[in-house]
Each structure stands twice: as C-alpha cells, then as structure tokens.
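Trainee: Can you keep this structure in mind? I'll have questions shortly.
The values are calculated or read from the model by the stated rules, or taken from the named source; none is laboratory data. Just so we're clear, the structure is a prediction, and the values are computed from it rather than from any experiment. Heads up, the Cβs are rebuilt from the backbone with ideal geometry, glycines too, and the neighbour counts pull from every protein chain shown. These accessible areas exclude ligands, DNA and RNA; they are computed on the full protein's heavy atoms, side chains included. Shrake-Rupley method; radii C 1.70, N 1.55, O 1.52, S 1.80 Å.
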Amino acid sequence: MKAVVFHEHGGPEVLSYEERPEPRIRANEVLVEVRACALNHLDVWVRQGLPGIEIPLPHILGNDVAGVVRERGELVDWVSPGEEVLLQPGVSCGHCRECLRGADNLCASYDILGYRRDGGYAELVAAPAVNVVPKPKNLSWAEAAALPLTLLTAWHMLVTRARVEPGEDVLVHAAGSGVGSIGIQIARLRGARVIATAGSEEKLGKARALGADEVVNYTREDWPKEVRRLTGKQGVDVVFEHTGAATWAGSIMSLKKDGRLVTCGATSGYDARTDLRQVFYRHLNLLGSFMGSKAELLDALKFVERGQVRAVIDRTLPLADARRAHELMQSRAQFGKLVLEV
C-alpha cells in the first residue's frame, strides 16, 4: 500500500510517500480503506519527537480517519465489510476500571491512532473494531475525517469538564484552529455567549461567521482588558484554553470570580506562568482535559447529524502532499482543518 512515513524525527522534510506493507488485523480489529485523514497538532509533535516518548519507527501518522471497512476480525460481528465509517481516535484496553466506567480516556494504556501506533496517512489502517462509528450520511469524506479528535476534545472540555450553562460567557482561543472552530459551535450549542480570539482580522471575521458574538485579536498586548470590557469588567465564566504559554496569563486575568479555565493543550509552549494569588483570591477553577470517551463522541455526533455542528475545513490535499500540509499547519495560515484525501 502507499503511505506517508517518517524514518527519523525532524521537520516536514522527513515525511516520505512510499510503499509499505499492508497492516494485519487481530481478531478484534478491522481493516479500513482510508478515504480521508485530517491533520492535528499531535502529528507535528510526534514527527518532531516528544521527550520521554518512544515512537516505533518507521511510523505512519494520522489520528482522524474516515473510510470503508475492507475486512473484519473473527471476533467482530457488529460491523461488516463495505460499511462507511469514521474512527474514534482513542484506543484503550477495554477491561480496566476506567474503561468499564466509561472513562476510557483515563485508561492507563490509552493510546491514539497515529501516536504510538500507525495511523491514517495511508491507504489502509488497522483499528480496534470498538472504535468504529458509522459515518453520518450527510458528511463528505473530508468532513467526516475532520471531526473525531477535535469534536471529542471540545465536547469533553465544554460539556463534561466545564459544564457550560446557558447565558454564560465563554472565551474560545484560536478560533482558526480545528478545536477552536468546533469549540465556538459547541459553546453556542450550550446557549453561551462566545468571545473568540484570533491573530488576524481575516480570521476574526470568519470566527464571527461561525457564530462568535464578539472577537478579540490576541496579538494585542491588552487583549485581556478588551475581554473584561466586553463583559462589563466582570470577566468570562469559562476560558477554552489550548494555546498554552502565549495566552495563559491573559486567560487567568480574563476569568471572573469563581470562573473555570479548561485546558487541553499547549501549542505555544507548556511552560506557562501562573500568579497563584489570582487563583486562590478569586476562587478560580483550573480544569485539565484530555480527549474524551467513546460515548461522548457518539453524543456529539448527534448534533452533527442534525446540522447544528459542522466540520470547518480550510483545504484538502492529496495524501502525497502530506509534507506541504505539515508546512501549512506550522505556519498557522489555515482556518479550520487540513485534510489529506486518499
């Protein structure tokens, strides 16, 4: 099969479009013919190399996969060859206490397709059959691939962790990112007033079109003051944080008393500084969030099927152009997802 692989860590130039052996499936797995695979920042980090994390080489990236089931293992009877599916990217053991209580994203052996196991930058991918989700019929292949990881992450952050309520003010950072573009929609779905940030006037305009009530340019040093002005100097109820060091201090200052900051990432750096006086004096709540459960993805997809949440795609590229896609992602020029089509 054709696939994009890297044999050593480094920049986009280490990605190579080449022939690879077809994956073999286990009794509880399916083999999926990939139609589309979306990029995530995790792809960039894995390609560059993560301290203390061993990635088997050569490696195939790709967390977000949509395609057609070609083959199923002998223990699989709930999905058949020919079915159009998308794949829940989180892989867990299925039998530990966390998995059995429906918190599979807290499983000690939790992994992600394309992280420490081969992913979807290929014509074929093997995945646990329990990760198969029927593709909503109203979605294109690119739209189906653009959703799983960011939709699951944003849903877990805003619905499960922050528990956003109608009428609350929610600050969503980096509206042009995949998770930011979905975060705006889910916050609106929950009845919140959304203040979105972005780094250019073009992206701010697109954030408004997506549903943001107010927009703020976070390249301005005084952006937290603008957030407080927009909230009558009270601050927001919830900050949807995933950019890390560049916005962290401002995010803390943008919260109202007893506000909640929920974070799932650190694309601008993890060494963020926190004034602890702000945390205890203003009774702030700091919430970590990582992926989400399989059941949460099914819940979130109901709103996709109803047309209340949609995939935001910047552009699609052929699988062979994965290197170019990585260059675009690192330049932060896109609004929404970059998708590779097979």
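Trainee: How about segment 256-296: which of its residues are exposed (fewer than 15 other Cβ atoms within 10 Å of the Cβ) and among the charged types (D, E, K, R)?
Mentor: Scanning segment 256-296 gives Lys257, Asp258, Asp271, Arg273, Asp275, Arg277.
Trainee: Restricting segment 122-134 to residues that are farther than 14 Å from Glu71 by Cα and either of a type in the set (Ser, Thr, Tyr) or in a strand (DSSP E or B) (or both), which is most open to solvent (accessible area, probe 1.4 Å)?
Mentor: My answer is Pro134.
Trainee: Could you go through segment 302-313 and let me know if any residue there is open to solvent by 70 Å² or more (accessible area, probe 1.4 Å), more than 30 Å from Thr231 (Cα to Cα), free of Cβ contacts under 8 Å to residues at least 12 places away in the same chain and not in a strand (DSSP E or B).
Mentor: Yes: segment 302-313 contains one or more residues that are open to solvent by 70 Å² or more (accessible area, probe 1.4 Å), more than 30 Å from Thr231 (Cα to Cα), free of Cβ contacts under 8 Å to residues at least 12 places away in the same chain and not in a strand (DSSP E or B).
Trainee: Among (1) of a type outside the set (D, E, K, R); (2) part of a strand (DSSP E or B); (3) crowded, with 24+ Cβ neighbours inside 10 Å, there is one condition Gly119 misses while meeting the rest; what is its number?
Mentor: It is condition (2) that Gly119 fails.
Trainee: Could I ask something else about it? Among the listed residues Leu328, Leu276, Leu298, identify the single one that is touching a residue at least 24 places away in the same chain (Cβ under 8 Å) and of a type in the set (A, V, I, L, M, F, W, C). Reasoning before the result, please.
Mentor: Values: Leu328 fails: touching a residue at least 24 places away in the same chain (Cβ under 8 Å); Leu276 fails: touching a residue at least 24 places away in the same chain (Cβ under 8 Å).
Answer to the check: Leu298.
Trainee: Would you call Thr160 part of a helix (DSSP H, G or I), polar (S, T, N, Q) and open to solvent by 20 Å² or more (accessible area, probe 1.4 Å)? Walk me through how you get there before you give the answer.
Mentor: Numbers: part of a helix (DSSP H, G or I): yes; polar (S, T, N, Q): yes; open to solvent by 20 Å² or more (accessible area, probe 1.4 Å): yes.
For Thr160, the condition - part of a helix (DSSP H, G or I), polar (S, T, N, Q) and open to solvent by 20 Å² or more (accessible area, probe 1.4 Å) - is met.
Trainee: Which residues, taken from segment 48-72, are farther than 15 Å from Gly10 by Cα and open to solvent by 10 Å² or more (accessible area, probe 1.4 Å)?
Mentor: As a first pass, look at segment 48-72 and keep what is farther than 15 Å from Gly10 by Cα: 52, 62-72.
Result: Gly52, Val68, Arg70, Glu71, Arg72.
Trainee: Take the conditions of a type in the set (Gly, Ala, Ser), more than 18 Å from Lys302 (Cβ to Cβ) and open to solvent by less than 10 Å² (accessible area, probe 1.4 Å) and apply them to Ala187. Does it pass? Before you say what the answer is, go through the steps one by one.
Mentor: Values: of a type in the set (Gly, Ala, Ser): yes; more than 18 Å from Lys302 (Cβ to Cβ): no; open to solvent by less than 10 Å² (accessible area, probe 1.4 Å): yes.
So Ala187 does not fit the description; no.
Trainee: Right, here's the next one. Looking at this structure, is Gln278 in contact with a Gly (Cβ under 9 Å, 6 or more places away or on another chain), among the polar types (S, T, N, Q) and more than 16 Å from Leu147 (Cβ to Cβ)?
Mentor: no
Trainee: Listed residues Leu106, Leu100, Leu87, Leu75; which is out of contact with any Phe, Trp or Tyr (no Cβ under 9 Å at 6 or more places or on another chain), open to solvent by 40 Å² or more (accessible area, probe 1.4 Å), closer than 27 Å to Leu42 by Cα and not hydroxyl-bearing (Ser, Thr, Tyr)?
Mentor: Leu100
Trainee: If you take the residues of segment 203-229 that are among the hydrophobic types (A, V, I, L, M, F, W, C) and within 22 Å of Arg163 (Cα to Cα), which of them is nearest to the chain's Cα centre (by Cα)?
Mentor: Here the residue is Leu210.
Trainee: State all residues of segment 242-255 that are touching a helix residue (DSSP H, G or I) at 6+ places or on another chain (Cβ under 9 Å) and either open to solvent by 40 Å² or more (accessible area, probe 1.4 Å) or more than 24 Å from Pro51 (Cβ to Cβ) (or both); if no residue qualifies, say none.
Mentor: Ala249, Gly250, Ser251, Ile252, Met253, Ser254, Leu255
Trainee: Collect the residues in segment 63-96 that are outside any strand (DSSP E or B) and without any contact (Cβ under 8 Å) to a residue 40 or more places away in the chain, keeping them in residue-number order.
Mentor: Across segment 63-96, the qualifying residues are Asp77, Ser80, Pro81, Gly82, Ser92, Cys93, Gly94, His95, Cys96.
Trainee: How many residues does segment 265-293 contain that are modelled with pLDDT of 95 or more, within 16 Å of the chain's Cα centre (by Cα) and either in a helix (DSSP H, G or I) or within 18 Å of Asn40 (Cβ to Cβ) (or both)?
Mentor: Residues in segment 265-293 being modelled with pLDDT of 95 or more, within 16 Å of the chain's Cα centre (by Cα) and either in a helix (DSSP H, G or I) or within 18 Å of Asn40 (Cβ to Cβ) (or both): 4 in total.
Trainee: Then there's this: Only one of Arg229, Arg190, Arg208, Arg220 is at pLDDT below 95 and basic (Lys, Arg). Can you tell me which?
Mentor: Values: Arg229 fails: at pLDDT below 95; Arg190 fails: at pLDDT below 95; Arg208 fails: at pLDDT below 95.
Of the residues listed, the single one that is at pLDDT below 95 and basic (Lys, Arg) is Arg220.
Trainee: Criterion first (closer than 23 Å to Met329 by Cα, open to solvent by 20 Å² or more (accessible area, probe 1.4 Å) and under 21 Å from the mean Cα position of the chain (by Cα)) does Arg35 satisfy it?
Mentor: Values: closer than 23 Å to Met329 by Cα: yes; open to solvent by 20 Å² or more (accessible area, probe 1.4 Å): yes; under 21 Å from the mean Cα position of the chain (by Cα): yes.
Considered against the rule, which asks whether it is closer than 23 Å to Met329 by Cα, open to solvent by 20 Å² or more (accessible area, probe 1.4 Å) and under 21 Å from the mean Cα position of the chain (by Cα), Arg35 comes out as yes.
Trainee: Let me ask another. For segment 219-259, which positions are touching a Ser or Thr at 6+ places or on another chain (Cβ under 7 Å) and in a loop (DSSP other than H, G, I, E, B)?
Mentor: Gly235, His242, Thr243, Gly244
Trainee: Still on this structure: Say whether the condition of being within 24 Å of His41 (Cα to Cα), polar (S, T, N, Q) and part of a helix (DSSP H, G or I) is met by at least one residue in segment 198-206.
Mentor: No, because not a single residue in segment 198-206 is within 24 Å of His41 (Cα to Cα), polar (S, T, N, Q) and part of a helix (DSSP H, G or I).
Trainee: Something else about it: Does segment 114-135 contain at least one residue that is polar (S, T, N, Q) and touching a Cys at 6+ places or on another chain (Cβ under 9 Å)?
Mentor: Step one: filter segment 114-135 for residues polar (S, T, N, Q), giving 131.
In the following step, the residues that additionally are touching a Cys at 6+ places or on another chain (Cβ under 9 Å) were identified as none.
No: zero hits.
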